[in-house]
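Undergrad: I am attaching a structure below and will ask some questions about it afterwards.
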Amino acid sequence: MSDTVAGLIQVGVLIALLALCYVPLGGYLARVFTTDEDLAVERGIYRLVGVDPRADQAWRTYAVALLAFSVAGLALLFALQRLQSHLPWSLGFPDVTPDLAFNTAASFVTNTNWQAYSGEATMGHLVQMAGLAVQNFLSAAVGLAVAVALIRGFVRSRTGRLGNFWVDLVRGTIRVLLPLAALAAVALVLMGVVQSLSGGVDATTLTGGHQSIPGGPVASQEAIKELGTNGGGFFNANSAHPFENPSPLSNLFEIFLILLIPVCLTRTFGVMVGNVRQGYAILATMAVIWVVMLAAVWAIEAAHPTPAYDVAGAAMEGKETRFGIPGSSLFAVSTTGTSTGAVNSFHSSYSPVAGGLLMLNMGLGEIAPGGVGTGLYGLLVLAILTVFVAGLMVGRTPELLGKKITAREMKLVALSILTMPLVVLGFTALALSLDGPRSSILNAGPHGLSEVLYAYLSGANNNGSAFAGLSANTPFYNVTIGLAMLVGRFVPIVLTLALAGALARQTPVPRTEGTLPTHGPLFVGMLTVVSLVVAGLTFFPALALGPLAEGL
């Protein structure tokens, strides 16, 4: 069987698995966030923290609660790293330096999981489990809560209430992420992923040398790493490491976990707004972008269009032979199209144009299909922009799902869309203008620019994958990428919640003959084009100086 046929079978199986889960999981998520019934364990948590689960919050209160919770998580994770040497299961590792501890805390609290360190040589088991893995659950639940709050903004009217952040957070964690991650961890163990509390074993190699083989609670962290679109690996090689991702079967399963919740959330959106066709339209937009990116990256890598690749006969540098070009391309497009950041190949080794497409995939704002929650609310923000553009074309006040899009909503949309590019391009320009940060670049010329641009694209979009080559564990990069992650995460979240509050206060307008249908192929095409044009116009100059120049 050829690699192409095997790859097409993998894609077909992946789509079939997602289709099988789409209706039941999407409907289940809708019930989780609309029911008034609380589980016994949830009531216990509410009593413990003093939360009234029946109290609806205005968007400002919702945002303050979310930010306070995230700041507390940031401080706790920072403290765990700084006190690591005094904690059990530290494996003898020293305390993490302040700048790296800040970067790592910001990374995991923002669902980015950028890692400027080697996991198996820096973090003990307690920090991995009680710090990093816990934030993998909680940061994903925060994104899920924001998406649900925005949906409520469309559903509700004549009220500024968006629900209760604490209830959404607890339900997302207890009812969705924990049970799914537990099942996924068991499946990964059965597929050969390591799960232990061992610090490693010493082995004698075939040549008589000695090697320390690390172990640890890998499968449990791997499950939520992919399911929560987090991406931080237990090992430095991430999902290219055979202890994290041992076979093509586990590779396909991990890609399925990455895409599962973002895809099914479109069904949740359709159910909650009372029109499943609206969910199908959002899903179709995500699918079109994902398929186009996958086809382009796969084709370019399979064609190996550079002299060095022609001599070698394949573009396999930086890729695992057990996955090949199809499995590597499928993983790369899925991880850059979500906020996952896990990698099973090294993106710096991709041919220049394919590497540029992976950057553009992140530059779209992680919407194809995006992270847990973040993909849905990111694409809904672009949907509002799309109906605004359509309204200008026909001379009508734009509306979406019965809500008018006024100047207030458009200001919030514009600020949300502009935040990420300003952070990415601003910090990239700063890094390239200073001698110290430039010395961390491995490759000269366009590829060196790509290393820096990719780092800030990954940070500000809360992706977390690295282009490789850039020595990012320096005070400058740790601090600036940390700030990029925090701004890129929380400024759009606050603006999205403000947008939800503005929509919830409106009185729905009746549908007329002039209302733009937002559930058909026309709207899907318009939304796809707007998404690509916004990212293309924003990042084309930088991409032209980096990967495109290198490719030419």
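The values are calculated or read from the model by the stated rules, or taken from the named source; none is laboratory data. Note that the coordinates shown come from a computational prediction; the quantities given were computed from them, not determined experimentally. Ideal geometry is used to build each Cβ from the backbone, glycine not excepted, and the neighbour counts take in all protein chains shown. Each accessible area value is taken on the protein alone, full model and side chains, heavy atoms only, with ligands, DNA and RNA left out. Shrake-Rupley method; radii C 1.70, N 1.55, O 1.52, S 1.80 Å.
Undergrad: Rounded to the nearest angstrom and ordered from largest down, what semi-axes does the equivalent ellipsoid of the chain get from its C-alpha gyration tensor (root of 5λ)?
TA: That gives 35, 28, 23 Å for the three semi-axes.
Undergrad: Beyond 11 Å, what share of the Cα-Cα pairs of the stretch 471-520 is found? Please give it as a whole percent.
TA: Details: 946 of 1225 pairs.
The share of Cα pairs beyond 11 Å in the stretch 471-520 comes to 77 percent.
Undergrad: Would you calculate the convex hull of the Cα atoms in the stretch 364-431 and tell me its volume per residue in Å³?
TA: 107 Å³
Undergrad: Could you list log10 I(q)/I(0) for the stretch 436-530 at q = 0.13, 0.16, 0.24 Å⁻¹, which the Debye formula gives when each Cα is one point scatterer?
TA: Per q value, in the given order, log10 I(q)/I(0) is -0.69, -0.81, -1.16.
Undergrad: Now for a different question. Taking only the C-alpha atoms, wrap a convex hull around the stretch 264-416 and report its volume per residue in Å³ as a whole number.
TA: 124 Å³
Undergrad: Work out, step by step, the length gained on full extension between residue 34 and residue 71: first 0.36 nm times the residue separation, then minus their alpha carbon distance; give nm to one decimal.
TA: 10.6 nm
Undergrad: Here's something else I'd like to know. Within 10 Å, count the other beta carbons around each residue, average over each peptide in 514-521, 340-347, and list them highest first.
TA: Ranked from most to least packed, the peptides come out as 340-347, 514-521.
Undergrad: Given the C-alpha atoms of the stretch 1-63, compute the convex hull and give its volume per residue in Å³.
TA: Dividing the Cα hull volume of the stretch 1-63 by its residues yields 175 Å³.
Undergrad: While we're looking at this one, here's another question. Using 0.36 nm times the number of residues separating residue 507 and residue 8, minus their current alpha carbon distance, what extension gain do you get?
TA: 174.8 nm
Undergrad: Taking 25 °C and 0.890 mPa s as the conditions, I'd like the Stokes-Einstein D for the stretch 1-156 in µm²/s, using the Kirkwood hydrodynamic radius from alpha carbon pairs.
TA: The diffusion coefficient I find is 130 µm²/s.
Undergrad: Work out from phi, with θ = phi - 60° and the Karplus expression 6.51 cos²θ - 1.76 cosθ + 1.60, the ³J(HN,Hα) of each residue of the stretch 520-535, listed in order in whole Hz, and give x for Gly and Pro.
TA: Each residue's phi maps through the Karplus curve to give x, x, 4, 5, 4, x, 5, 5, 5, 5, 4, 4, 6, 5, 4, 5 Hz.
Undergrad: Once amide H atoms are placed 1.01 Å from N in the peptide plane, what residues at a sequence separation of 5 or more from residue 404, or on another chain, have their amide H within under 5 Å of its amide H?
TA: 509
Undergrad: Just want the answer: with Cβ charges of +1 for Lys and Arg and -1 for Asp and Glu, which residue in 253, 275, 291 is farthest toward the dipole's positive end in the stretch 207-322?
TA: Value: 275.
Undergrad: At q = 0.11, 0.16, 0.18, 0.22 Å⁻¹, what log₁₀ I(q)/I(0) does the stretch 148-267 have when each alpha carbon counts as one equal point scatterer in the Debye sum?
TA: -0.50, -0.83, -0.95, -1.21
Undergrad: Among 269-276, 89-96, 235-242, how do they line up from the highest to the lowest mean number of other beta-carbon atoms within 10 Å?
TA: Per-residue Cβ counts within 10 Å, averaged per peptide and sorted highest first, yield 235-242, 269-276, 89-96.
Undergrad: If I model a spin label as a point 7 Å beyond the Cα along the Cα-Cβ vector, how far apart are those points for residue 407 and residue 23 in nm?
TA: 4.7 nm
Undergrad: If Rh is defined by the Kirkwood formula over all Cα pairs and Rg also comes from Cα, what ratio Rg/Rh do you get for the stretch 412-473?
TA: With Rh from the inverse mean 1/r over Cα pairs, Rg/Rh is 1.01.
Undergrad: With N denoting the number of residues in the stretch 496-552, provide Rg(C-alpha) divided by 2.2 N^0.38 Å, to two decimal places.
TA: The reported ratio for this selection is 1.80.
Undergrad: Rolling a 1.4 Å sphere over the protein heavy atoms, what is the accessible area per residue of the chain, to the nearest Å²?
TA: Accessible surface, normalised per residue, equals 37 Å².
Undergrad: Need the list of lysines near residue 319 for cross-linking: C-alpha distance under 27 angstrom, and skip anything on the same chain fewer than eight residues off.
TA: Within reach: 225.
Undergrad: Can you give the charge dipole size of the stretch 381-448 about its Cα centre, rounded to the nearest 20 debye, using +1 on the beta carbon of Lys and Arg and -1 on the beta carbon of Asp and Glu?
TA: In total the dipole reaches around 280 debye.
Undergrad: I'd like the carbon and sulfur percentage of the solvent accessible area for the chain, probe radius 1.4 Å, heavy atoms only, ligands and nucleic acids excluded.
TA: After summing per-atom areas, the C and S share lands at 69 percent.
Undergrad: Based on DSSP H runs of at least 4 residues, each adding -39500 (n - 2.57), what is the mean residue ellipticity at 222 nm of the chain after dividing by all its residues, to the nearest 500 deg cm²/dmol?
TA: The per-residue figure over the chain is -20500 deg cm²/dmol.
Undergrad: When ranked by the protection proxy of mean other Cβ atoms within 10 Å per residue, highest first, what sequence do the peptides 43-50, 406-413, 204-211 form?
TA: Packing order, densest peptide first, comes out as 406-413, 43-50, 204-211.
Undergrad: What is the dipole size for the chain, taken about its Cα centre, with +1 at each Lys and Arg Cβ and -1 at each Asp and Glu Cβ, in debye to the nearest 20?
TA: Charge dipole of the chain: 2040 debye, to the nearest 20.
Undergrad: Can you tell me the length gained on complete extension of the stretch residue 533 to residue 60, counting 0.36 nm per residue apart and subtracting the Cα distance?
TA: Contour length minus Cα-Cα distance gives 167.1 nm.
Undergrad: Of all beta bridges DSSP finds with both residues in the chain, what is the antiparallel percent, to the nearest 5?
TA: Bridges in the chain are about 100 percent antiparallel.
Undergrad: Which distance in nm do the two modelled labels at residue 422 and residue 47 give, with both placed 7 Å along the Cα-to-Cβ direction?
TA: So the label points at residue 422 and residue 47 sit 4.7 nm apart.
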